[in-house]
Amino acid sequence: MRFLFRPPATEAGGLLALPWSQPLEEWDEKLLLTVPQRGISRHVVRFVASEGRVYALKEIAESLARHEYAVLGELEREGMPSVSVLGLCVDRPDDQQAILVTRYLEHSMSYRYLFSSPRGEHSADRLVDTLVELLVRLHLSGTFWGDCSLSNTLFRLDAGSLAAYLVDAETVERHPQLSDGQRTYDVDLARERIGGELMDLEAGGLLPPDIDPVEVADSVPRRYAALWDEVTREEFFRLDEQRYRVAERLRRLNDLGFDVGEVELVTSESGARLRVDIRVAEIGQSRRELFKLTGLEVQEGQARRLLNDLRSFRAYLEQRDGAPVPETTAGHLWRNEVYDPVVAAVPPDLLGVLAPAELFHEVLVHRWFLSENAGRDVGTTAALRSYLATVLPDREAEEREAEERASSDWDGELADDDFR
């Protein structure tokens, strides 16, 4: 047997003791983890833990494993939203297939798991819009997916919104630039697969009765075309509109989750032509800023929310002390006096329901609602007490119910959408 691990590969040491010579489906259950966000799969997929981290192992043909290993590595280096690949095992005894190893995408959920949640916040429109944004981002980078679907996507909460991540890269092709025909074909495949997946949800009683699977699926090309036009079109406007129109376009793109690379503005007597070059990697300005100030590593939407609270805290400190407070000092104090105490206050039996940054975001939202009802700012401490007593226990119960519903709806192997 041969192992190939992508650097830094020190974390792979603990995995080498696993029984790689045996078929994956025959591994001892004591070595495996149960992941509640499961579904069905055309491949054998198992989860294991090593040195505090969780990994997904997928058994596939060696040619596909090597291709996916290379593609996922490229996407990760470019900062694209996808699972992170660790390595692969080939030349297994008795001509067994290869095993591809990826890192578990923490706090991620499959579309089936999301629809199993009794909260009802994850509508079909919301999921499809998130998936369409991922597809546009991939196409801008010259990536043809070839198997775009809800099943091959993982979703993570990001400050109340959803972020989508590519999971299965077996059919992915990389090109300098995609043709209109390639993009259209990818979108048509997505429409077909999404329609079938929503029909499966409908048959399983997981889809709200007011959602028409065919109608939602048929809207995919329209949603894609609208977003593609928004991020790629050239704009023409009068010279006296130049300043605010450029700022408006850049703000719209940032709100959609895209970073702006280069801005080209060509002026003439008749007006100005604006062309914007989009950075297709996962956005990270707020994430980098928050990390610099606090050392926290979170998602972009969460970072924006936490930075807003940090800035409010800094303003409070300056008002209280009557003197300017350096940004780095405010970041250190906010982390120690606000963020860490909130996370530390969560009882051990409730940990794991949400990512710490998402939990802090929900406390801030709860604080806003309480303050609106009270007509005054109730403060983070009071909001935290109320949240822990009235909201988080319900979240835990809902997660348990979602796990039970998702696991009872399907039999079979873990789905590709759960391959992390």
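The values are calculated or read from the model by the stated rules, or taken from the named source; none is laboratory data. For clarity, every value in this text was computed on a predicted model and none was experimentally measured. Positions of Cβ are backbone-derived with ideal geometry, glycine not excepted, and every protein chain shown enters the neighbour counts. With ligands, DNA and RNA removed, areas are computed over all heavy atoms of the protein, side chains included. Shrake-Rupley method; radii C 1.70, N 1.55, O 1.52, S 1.80 Å.
Got at least one residue in the range 43-60 being in a helix (DSSP H, G or I), at pLDDT 90 or above and open to solvent by less than 40 Å² (accessible area, probe 1.4 Å)?
no
Kindly provide the set of residues from the range 192-222 that are assigned to a helix (DSSP H, G or I), crowded, with 18+ Cβ neighbours inside 10 Å and among the hydrophobic types (A, V, I, L, M, F, W, C), ordered by number.
194, 198, 201, 216, 217, 220, listed by residue number.
Please state which one of 178, 189, 227 is farther than 28 Å from residue 287 by Cα, in contact (Cβ under 8 Å) with a residue 40 or more places away in the chain and either of a type in the set (Gly, Ala, Ser) or open to solvent by 10 Å² or more (accessible area, probe 1.4 Å) (or both).
Sole residue among the options that is farther than 28 Å from residue 287 by Cα, in contact (Cβ under 8 Å) with a residue 40 or more places away in the chain and either of a type in the set (Gly, Ala, Ser) or open to solvent by 10 Å² or more (accessible area, probe 1.4 Å) (or both): 189.
Taking the stated definitions as given, is residue 220 β-branched (Val, Ile, Thr) and touching a Phe, Trp or Tyr at 6+ places or on another chain (Cβ under 7 Å)?
For residue 220, the condition - β-branched (Val, Ile, Thr) and touching a Phe, Trp or Tyr at 6+ places or on another chain (Cβ under 7 Å) - is not met.
Give the range 375-393 a look and list any residue that's farther than 15 Å from residue 338 by Cα and free of Cβ contacts under 8 Å to residues at least 12 places away in the same chain, or say none.
The answer is 375, 376, 377, 389, 390.
Go through the range 332-354 and report how many residues are in contact with a Lys or Arg (Cβ under 8 Å, 6 or more places away or on another chain) and either small (Gly, Ala, Ser) or part of a loop (DSSP other than H, G, I, E, B) (or both).
Total meeting the criteria: 2.
Can you tell me which residue within the range 135-151, out of those that are touching a strand residue (DSSP E or B) at 6+ places or on another chain (Cβ under 9 Å) and surrounded by fewer than 22 Cβ atoms within 10 Å (Cβ to Cβ), is nearest to residue 75 (Cα to Cα)?
The extreme case among them is 141.
Conditions: (1) surrounded by 24 or more Cβ atoms within 10 Å (Cβ to Cβ); (2) β-branched (Val, Ile, Thr); (3) over 19 Å from residue 200 (Cβ atoms). Residue 171 meets all but one. Number of the miss?
The one condition residue 171 does not meet is (1).
Would you mention how many residues in the range 310-333 are more than 15 Å from residue 287 (Cβ to Cβ) and under 26 Å from the mean Cα position of the chain (by Cα)?
Going through the range 310-333 one residue at a time, the tally reaches 1.
Quick check on the range 74-94. Is at least one of its residues under 30 Å from residue 206 (Cα atoms) and in a helix (DSSP H, G or I)?
Checking the range 74-94: not a single residue is under 30 Å from residue 206 (Cα atoms) and in a helix (DSSP H, G or I).
Quick check: is even one residue across the range 158-167 part of a loop (DSSP other than H, G, I, E, B) and either at pLDDT 95 or above or crowded, with 20+ Cβ neighbours inside 10 Å (or both)?
Yes, because at least one residue in the range 158-167 is part of a loop (DSSP other than H, G, I, E, B) and either at pLDDT 95 or above or crowded, with 20+ Cβ neighbours inside 10 Å (or both).
Quick check on this structure: which one of 95, 28, 91 is open to solvent by 60 Å² or more (accessible area, probe 1.4 Å), over 25 Å from residue 148 (Cβ atoms) and in contact (Cβ under 8 Å) with a residue 60 or more places away in the chain?
The unique qualifying residue is 91.
Mind listing just one residue for me: the one in the range 282-315 that is modelled with pLDDT under 75 and within 20 Å of residue 106 (Cα to Cα) and, of those, surrounded by the fewest Cβ atoms within 10 Å (Cβ to Cβ)?
284
Kindly list the number of the only condition in (1) part of a helix (DSSP H, G or I); (2) within 25 Å of residue 16 (Cα to Cα) that fails for residue 130.
(2)
Restricting to the range 319-343, name every residue that is open to solvent by less than 80 Å² (accessible area, probe 1.4 Å) and over 17 Å from residue 379 (Cα atoms).
If the condition is that a residue be open to solvent by less than 80 Å² (accessible area, probe 1.4 Å) and over 17 Å from residue 379 (Cα atoms), then 322, 323, 325, 326, 327, 329, 330, 331 are the ones that fit.
Looking only at residues that are touching a Pro at 6+ places or on another chain (Cβ under 9 Å) and acidic (Asp, Glu) in the range 178-199, which one is farthest from residue 114 (Cα to Cα)?
188
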